[in-house]
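*Asks:* Before I ask anything, here is the structure I am working with.
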Amino acid sequence: MSKRQLLFALIAALVLSLGPRAAVAKTKIGFLPGVVDPFYQVMQLGVETAAKDLGVEVVTQIPATWGVEVQTPILDALVARGDLNYIVTAPTDKDQMIGPLKAAANAGIKVITVDTFLGDGDYKNGPVTFPISYIGSDNVEGGRISGRGLAKAIGGKGKVYINSTNPNVSSVEGRAIGFKEVMEKEFPDVKVVGLDFNLDDMNTAVQQTAAVLQRTPDLAGVFGTNVFSAQGAGTAVINAGLGGHVQVVAYDATQFAIEQLRAGVITLVLAQKPFDMGYMAVQFAAADAAGVTSLPRRVETGFAIIGKDNVDDPAVARFIYKVPSK
Ligand code: T6T
């Protein structure tokens with residue numbers, strides 16, 4: 001090889017090695033979670049940490065309340081900016097957010113969904129295939145774990161009630177499905193007496209649970225399927241003076257849930273891993289920008305199951321949601 005050829009080969013190698021890095025450095029990600037709550041605040045921390053580690057830019061927009069009507073205009077505005085390459089988002093409805101997110105994809109923005117998915121979540125063979133990946137909990141399994149925990153806490157028999165947020169949201173829908181399935185298949189003496197939707201409003205959850213407690217004096221347990229549902233359900237049980245008598249299982253490891261676990265009101269807390277979801281979503285965007293073509297279409301981030309016996313174990317306690325003070 002002549003000197004000239006050698007120089008050329010070296011330059012080509014350098015350009016090739018800089019190519020992916022340059023593409024990653026230019027990556028701009030829109031982060032659009034579901035609502036302001038401790039779960040998504042921890043996810044935001046994961047997103048921002050990864051962005052810093054990988055040297056990519058993130059634009060965060062957090063809806064003040066949960067719902068398609070709030071999330072869609074924010075999404076449209078993110079798309080209209082014209083400078084985003086990726087959107088990392090938790091769709092607030094598995095069907096109604098398909099159109100707005102498809103429009104983003106058509107505008108050249110690649111979509112990664114975190115925590116909630118579109119369609120049936122099977123981005124390989126299901127009805128919706130345009131997102132790169134779903135990164136989040138296996139919520140049906142989380143519902144099963146919660147169901148078994150509650151059934152055990154009430155001695156395998158009695159009436160239980162589910163307080164949830166909205167229909168058609170993949171996360172909480174999956175939790176209720178898994179919970180009911182376990183009761184039907186494994187605990188025939190447990191009867192699910194109701195399921196209410198609080199529209200992600202804690203006060204509504206308090207009122208709904210209070211009404212169920214009133215009309216069902218022999219209620220044995222309540223499952224709160226997310227932060228505000230569990231807070232509302234737990235608060236209603238405390239207000240009724242039934243703490244420790246009516247068992248509560250809480251999805252999401254908030255400070256409230258942990259305090260009430262210690263107080264004996266809540267029996268089991270299921271911690272998701274929002275930091276991991278956010279961090280990995282940004283990693284996936286950066287990897288895609290660098291040319292990686294074999295990213296998994298679904299990543300399940302797992303749980304920490306927290307009870308009174310292990311709440312102080314650092315290996316478990318690290319999954320309690322710690323909201324960064326601003
Ligand atoms: O439970 C989480 C999340 O997984 C769900 O999709 C919506 O509610 C939370 O954000 C908690 O409030």
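Rule-based calculations on the coordinates, nothing more; no lab input. Keep in mind it's a predicted model, so treat the numbers as computed, not measured. Positions of Cβ are backbone-derived with ideal geometry, glycine not excepted, and every protein chain shown enters the neighbour counts.
*Asks:* How tilted is helix 38-54 with respect to the longest principal axis of the chain? Cα atoms for both, answer in degrees (0 to 90, nearest 10).
*Replies:* Once rounded, one gets 20 degrees.
*Asks:* Between segment 250-326 and segment 167-204, what is the C-alpha centre distance in whole Å?
*Replies:* 21 Å
*Asks:* I've got another one for you. Could you tell me what % of all Cα pairs in the chain have separations over 24 Å?
*Replies:* It works out to 55 percent of all Cα pairs.
*Asks:* Using alpha-carbon pairs under 8 Å, 6+ residues apart, how would you state the relative contact order of the chain in percent?
*Replies:* Here the relative contact order equals 20 percent.
*Asks:* OK, next. Order these peptides, 47-53, 244-250, by their mean beta-carbon neighbour count within 10 angstrom, highest first.
*Replies:* Order by mean packing, descending: 244-250, 47-53.
*Asks:* Same structure again: Along the Cα→Cβ direction, 7 angstrom out, place labels at Lys52 and Ser325. What is the inter-label distance in nm?
*Replies:* 1.7 nm
*Asks:* Measure off 7 Å from each Cα along the Cα-to-Cβ vector at Gln96 and Asp309, then give the distance between these two points in nanometres to one decimal.
*Replies:* About 4.3 nm separates the two model spin labels.
*Asks:* I need the fraction of alpha carbon pairs in segment 194-285 separated by more than 24 Å, rounded to a whole percent.
*Replies:* The share of Cα pairs beyond 24 Å in segment 194-285 comes to 23 percent.
*Asks:* Express as a percent, rounded to the nearest 5, the fraction of DSSP beta bridges in the chain (both residues included) that run antiparallel.
*Replies:* 5 percent
*Asks:* Consider all pairwise Cα distances in segment 80-193 and report the whole-number % of them above 26 Å.
*Replies:* Summing the P(r) of segment 80-193 above 26 Å gives 33 percent of all pairs.
*Asks:* Given the pairs Lys124/Lys273; Lys26/Lys52; Lys94/Lys124; Lys159/Lys185, which are separated by over 21 angstrom at their Cα positions?
*Replies:* Exceeds cut-off: Lys124/Lys273.
*Asks:* Classify segment 17-112 from the C-alpha gyration tensor, please: rounded if a/c falls under 1.5, else prolate or oblate depending on whether a/b exceeds b/c.
*Replies:* oblate
*Asks:* Can you compute the modelled spin-label distance between Arg298 and Ala263, with each label point 7 Å from Cα toward Cβ, in nm?
*Replies:* Label at Arg298, label at Ala263, 3.8 nm between them.
*Asks:* Given a cut-off of under 8 Å on Cα pairs at least six residues apart, what relative contact order in percent is computed for segment 215-326?
*Replies:* Across segment 215-326, relative contact order equals 24 percent.
*Asks:* Diagonalise the Cα gyration tensor of segment 130-273 and give the resulting equivalent ellipsoid semi-axes, square root of 5 times each eigenvalue, largest first, whole Å.
*Replies:* 22, 17, 14
*Asks:* A further question on this structure: Using a 10 Å cut-off on Cβ atoms, rank the peptides 265-274, 228-237 from the highest mean neighbour count down.
*Replies:* The peptides rank, most packed first, as 228-237, 265-274.
*Asks:* Among Asp201, Asp252, rank each residue by its count of other Cβ atoms within 10 Å, from fewest to most, as a rough exposure measure.
*Replies:* Asp201, Asp252
*Asks:* Take the Cβ-Cβ distance between Asp83 and Val193 as r, set R0 to 56 Å, and report the resulting FRET efficiency rounded to the nearest 0.05.
*Replies:* 0.65
*Asks:* Oh, and also: For each of Val111, Val160, Val292, Val323, count neighbouring Cβ atoms within 10 Å of the residue's Cβ, then give the residues from fewest to most.
*Replies:* Val292, Val323, Val111, Val160
*Asks:* Could you tell me how many degrees, from 0 to 90 and to the nearest 10, lie between the Cα long axis of helix 227-239 and the main elongation axis, the longest principal axis, of the Cα atoms of the chain?
*Replies:* Rounded to the nearest ten degrees, it is 20.
*Asks:* Then there's this: If r is the Cβ-Cβ distance from Val70 to Asp218 and R0 is 22 Å, what FRET efficiency results, to the nearest 0.05?
*Replies:* Calculated value: 0.05.
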